[in-house]
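To start, the structure itself, in structure tokens.
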Amino acid sequence: MTTSTMSTISTTPVPVIPPYATMLGFTRYVSRTGPAKATFVGGLRKQRERRSGFNPHGQLVKALKADIAFRTGGSYLGGVVDLVKERWKPLYESLRAGGRTYLASLGDPEQITLVQTRDALASVGPLAVKINPHFGLRFGDGHREAVRLHFDEEPPSPELVTAMLHLMARHMEQILPDADPVLVDLRRGVTHRLNPATRPADVESWLAGEAAAFTAMWSATASPAA
């Protein structure tokens, strides 16, 4: 009995990774220029393919929220530095003073309540973007804010501020109805708000163009089939 051996060519399709970004990733992208944009998008795609990524700021955010909720004026921010791993202590120490400055800027702690926000999935041109503020606040006069924190060594660029606040404002009914979006530069304790002179239609057009370029770069950095 003769057995013929045939080579088999794999027809298993390479998984398609659709274009996607978090609000942080997309707004960092729009802050870049030239070849740095493509390099940044390629890095985001590789992270997505590997399902990698680690948030070193998680315990700091919890401490800040605890100080707001329990009206403790920054004691949780101070204590959390001793709880994190040694490699993260310098980072937490660099953010602690600005965090306390931000807490003081909020005014009377008795007039502030921590409230929950929801994430939203936005379509920016052809790109899906996850809108994810860190927490919400309700003030004694009924005013509400949806807060996103900025942790980087460099202050947020004007482009990042505009993009992030616009995206949050655009989806505020899902995030925290009737709230105002704010971006807090936590290292410096500075709060950024929407510029009333900015025209939303102009921002929409700009972001749609950026999203189209992001999507093209995402496809161009696809891993070749084996």
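The values are calculated or read from the model by the stated rules, or taken from the named source; none is laboratory data. Note that the coordinates shown come from a computational prediction; the quantities given were computed from them, not determined experimentally. Cβ sites come from the backbone with ideal geometry, for glycine too, and all protein chains shown count toward neighbours. The accessibility values were calculated without ligands, DNA or RNA, using every heavy atom of the protein model including side chains. Shrake-Rupley method; radii C 1.70, N 1.55, O 1.52, S 1.80 Å.
If you sort 76, 92 by accessible surface, 1.4 Å probe, largest first, the order is 76, 92. When only the Cβ of Lys, Arg, Asp and Glu is charged (+1, +1, -1, -1), the dipole of the chain relative to its Cα centre reaches about 640 debye.
Accessible area per residue of the chain at 1.4 Å probe, in Å²?
Details: 12850 Å² over 226 residues.
So the chain comes to 57 Å² accessible per residue, rounded to a whole number.
Taking 0.36 nm per intervening residue step and subtracting the Cα-Cα distance, what contour gain separates residue 33 from residue 119 on full extension? Write down the numbers at each step before the final one.
Details: separation 86, 0.36 × 86 = 30.96 nm, distance 2.82 nm.
Net length gain for the segment: 28.1 nm.
I need the fraction of alpha carbon pairs in the chain separated by more than 23 Å, rounded to a whole percent. When all Cα pairs of the chain are counted, 55 percent exceed 23 Å.
For region 17-101, trypsin sites (Lys or Arg not before Pro) are listed when DSSP marks them as loop and at most 10 other Cβ atoms sit within 10 Å of their Cβ; the list is 51, 85. Taking the 1.4 Å solvent-accessible surface of region 20-77 as the whole, the part contributed by carbon and sulfur is 53%. In the chain, the longest principal axis of the Cα atoms and the axis of helix 200-220 are about 40 degrees apart.
Using R0 = 41 Å, the C-beta based FRET efficiency linking residue 54 and residue 199 works out to 0.60. Between residue 188 and residue 208, the FRET efficiency from the beta-carbon distance, with R0 = 30 Å, is close to 0.45. Estimated at the nearest 10 Å², the accessible area of residue 20 is 60 Å² with a 1.4 Å probe. Surface listing: 101, 221 arranged by accessible area from highest to lowest gives 101, 221, probe 1.4 Å.
The string of couplings for region 78-95 from the Karplus curve (6.51, -1.76, 1.60, θ = phi - 60°) is x, x, 5, 4, 7, 9, 7, 4, 3, 5, 9, 4, x, 4, 5, 5, 6, 9 Hz, one whole number per residue in order, with x for Gly and Pro.
For every helix of n ≥ 4 consecutive DSSP H residues, a contribution of -39,500 (n - 2.57) applies; sum these over the chain, divide by its total residues, and give [θ] at 222 nm rounded to the nearest 500 deg cm²/dmol. Numbers along the way, then the final one.
Values: 8 runs with 98 residues, N = 226.
Helix-only estimate at 222 nm: -13500 deg cm²/dmol.
Here's how it looks for residue 22: its modeled amide H is under 5 Å from those of 130, which are all 5 or more places away or on a different chain.
Can you tell me what share of the DSSP beta bridges in region 88-226 is antiparallel? A percent to the nearest 5 is fine. Percent antiparallel among DSSP bridges in region 88-226 is about 75. Inter-label distance, residue 138 to residue 86: 4.5 nm, where each label sits 7 Å from its Cα along the C-beta direction. Applying the Karplus relation 6.51 cos²θ - 1.76 cosθ + 1.60 with θ = phi - 60° to region 22-38 yields 3J(HN,Hα) values of 6, 4, 5, x, 5, 6, 5, 4, 5, 6, 8, 9, x, x, 4, 5, 5 Hz, where x marks Gly and Pro. The GNM of the chain, with springs linking C-alpha atoms under 10 angstrom apart, assigns the highest mean-square fluctuation among 153, 86, 145 to 86.
Estimated translational diffusion coefficient (Stokes-Einstein, Kirkwood radius over Cα pairs, 4 °C, 1.567 mPa s) of region 111-207: 93 µm² per second.
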